[in-house]
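Only one structure is covered here, and it is reproduced in the block below.
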Amino acid sequence: MKRILPLLMCFALIVSCNPKEPNEPTNQSTFKATFTATPNTFTGEGGTGHVEGILEEIASDGSVLSKKQLTSDDFTISLKEGNASEITIDNAQKSFVIKSGSGEADFVLEAVVTDHPTLTQQLTIHREAIHLDLSLAYVAEYNVNQAGDAFVTSQANNVSGYFTFPEAVQKFASITIAGEQYHLPTIAEWQAIVPKYRGNPTFVEFDHNCDFRDVKETVMIHGTKVTSSNDYYSESSGDIKATYALRFKGTNLLSAWRYEYIVNPEDKNNQSMMMRITCRPVQQGMVIEEISNETYWEPKEGDIIRIFPSCGWKAPDGIRLLNTSGYYWAVDQQNDDRGWRMGYYGHCADSGNSNPKKCGFTVRLFK
């Protein structure tokens, strides 16, 4: 017994000196989600994009155990940053629509995996700014011919074609001429050229004085809605029948405009008139007093000029108001009987009245 006890104690000491073997680590996997937005950059016109996601299961050693494409039910997307009025999100389709805008903008979307809410990713969507030219630059230089398939080559008052409203819309809502795409403008596009009618005196006068400051207008330029303040001034008298305007104040389209009712030199008749519009870009800080005189309007490089012949309009019994007035259809209608148009006369010009659709008016297309 005395010999057995020391042996047991020695055995216990040996056991206590052996370190305990560590437990084998548990092979716990983790998950990783990767989302992409396609496309993630848009022009100023905006457009539609989609979000897709991939879920990976990662082993502790970094190897990929599984990988799957996430379905539309597996994750959600929402707007984290950006102007909510300029983007629409469809969570069912995992798509988004960026609206057109004249300014540069960024939108941040957040994607979240439904079964793993800690797996999130933010996606930045960028919309570039629209570069717009001055609105008059988008107006074709000549009227449409009588056949409706090309432009006339003269600004004379008696060479253009005449079309009823239904004919104009059917033929010119979209048309390619000489390889260039054109369209019949909306009344909002016309109002970017000639403002709407307001009663007497109106904004563009040829035989009355007018002085309007900070007139708020919302128009359309090459598919972009533009809101601005505008000044109009006229002391039309004698041989000078003109209105001067400082348009698109508060935007990068600030420009000086001159509307004139003058003799049409191509008709070689002092009683044959036309409307001539000239515009030019100006620096911020310009005021209407600086541009409302003839000296300012000496021809300058960069001026944009468009001439609108006084073609009158076509009635069943012939052409009326030839050489004194011009009537140009817009593509949209006021109601079932009347279509919008731009028109000018010996006393004023406007883009805010309508006429019966059966009238035969001339057509000026826009790019």
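Pairs, please: C-beta under 9 Å, at least 6 apart or cross-chain, first residue among the β-branched types (Val, Ile, Thr) and in the stretch 319-332, second open to solvent by 50 Å² or more (accessible area, probe 1.4 Å) and part of a strand (DSSP E or B)?
ILE319/TRP313; VAL331/TRP340
Against the definition (among the hydroxyl-bearing types (Ser, Thr, Tyr), surrounded by fewer than 19 Cβ atoms within 10 Å (Cβ to Cβ) and out of contact with any Pro (no Cβ under 6 Å at 6 or more places or on another chain)), how does THR176 come out, yes or no?
Yes: the conditions hold for THR176.
Restricting to the stretch 261-286, name every residue that is open to solvent by 10 Å² or more (accessible area, probe 1.4 Å), in contact (Cβ under 8 Å) with a residue 40 or more places away in the chain and farther than 27 Å from ILE130 by Cα.
Those that are open to solvent by 10 Å² or more (accessible area, probe 1.4 Å), in contact (Cβ under 8 Å) with a residue 40 or more places away in the chain and farther than 27 Å from ILE130 by Cα: TYR261, GLU266, ASP267, ASN269, GLN271, MET273.
Among the strands (runs of 3 or more DSSP E) contained in the stretch 307-367, which hold 1 or more residues that are surrounded by 17 or more Cβ atoms within 10 Å (Cβ to Cβ)?
Of the strands (runs of 3 or more DSSP E) lying wholly inside the stretch 307-367, those with at least 1 residues that are surrounded by 17 or more Cβ atoms within 10 Å (Cβ to Cβ) span 313-315, 326-333, 338-344, 348-356.
When the residues of the stretch 244-260 are filtered to those that are charged (D, E, K, R) and open to solvent by 10 Å² or more (accessible area, probe 1.4 Å), which remaining residue is nearest to the chain's Cα centre (by Cα)?
My answer is LYS249.
I'm trying to understand the selection: among the residues of the stretch 261-302, which are within 29 Å of the chain's Cα centre (by Cα), in a strand (DSSP E or B) and not basic (Lys, Arg)?
The answer is MET275, ILE277, THR278, CYS279, PRO281.
Quick check: is even one residue across the stretch 122-138 polar (S, T, N, Q), open to solvent by less than 50 Å² (accessible area, probe 1.4 Å), more than 30 Å from THR30 (Cα to Cα) and modelled with pLDDT of 95 or more?
Taking every residue of the stretch 122-138 in turn, at least one turns out to be polar (S, T, N, Q), open to solvent by less than 50 Å² (accessible area, probe 1.4 Å), more than 30 Å from THR30 (Cα to Cα) and modelled with pLDDT of 95 or more.
On the basis of being without any contact (Cβ under 8 Å) to a residue 24 or more places away in the chain, surrounded by 12 or more Cβ atoms within 10 Å (Cβ to Cβ) and out of contact with any Phe, Trp or Tyr (no Cβ under 6 Å at 6 or more places or on another chain), does SER63 make the cut?
No.
Criterion first (open to solvent by less than 40 Å² (accessible area, probe 1.4 Å) and of a type outside the set (Lys, Arg)) does PHE151 satisfy it?
So PHE151 does not fit the description; no.
Tell me the residue from LYS196, LYS216, LYS241, LYS171 that is more than 30 Å from LYS358 (Cβ to Cβ), open to solvent by 10 Å² or more (accessible area, probe 1.4 Å) and at pLDDT 95 or above, please.
That would be LYS216, the only listed residue that is more than 30 Å from LYS358 (Cβ to Cβ), open to solvent by 10 Å² or more (accessible area, probe 1.4 Å) and at pLDDT 95 or above.
Just give me the residues in the stretch 103-119 being touching a strand residue (DSSP E or B) at 6+ places or on another chain (Cβ under 6 Å) and open to solvent by less than 70 Å² (accessible area, probe 1.4 Å), in sequence order.
Once the filter is applied, which keeps residues that are touching a strand residue (DSSP E or B) at 6+ places or on another chain (Cβ under 6 Å) and open to solvent by less than 70 Å² (accessible area, probe 1.4 Å), the stretch 103-119 yields ALA105, PHE107, VAL108, LEU109, GLU110, ALA111, VAL112, VAL113, HIS116, LEU119.
Mind counting the residues in the stretch 165-197 that are without any contact (Cβ under 8 Å) to a residue 60 or more places away in the chain and in a loop (DSSP other than H, G, I, E, B)?
4
Among the residues of the stretch 75-87, is any among the polar types (S, T, N, Q), under 23 Å from VAL113 (Cβ atoms), modelled with pLDDT of 95 or more and surrounded by fewer than 14 Cβ atoms within 10 Å (Cβ to Cβ)?
yes
The values are calculated or read from the model by the stated rules, or taken from the named source; none is laboratory data. Treat the numbers as computed from the prediction; the structure is a model and nothing was measured. Quick reminder, even Gly has a Cβ in these numbers, built from the backbone with ideal geometry, and neighbours come from all protein chains shown. Just so you know, the surface numbers come from the protein's heavy atoms only, side chains and all, with ligands and any DNA or RNA stripped out. Shrake-Rupley method; radii C 1.70, N 1.55, O 1.52, S 1.80 Å.
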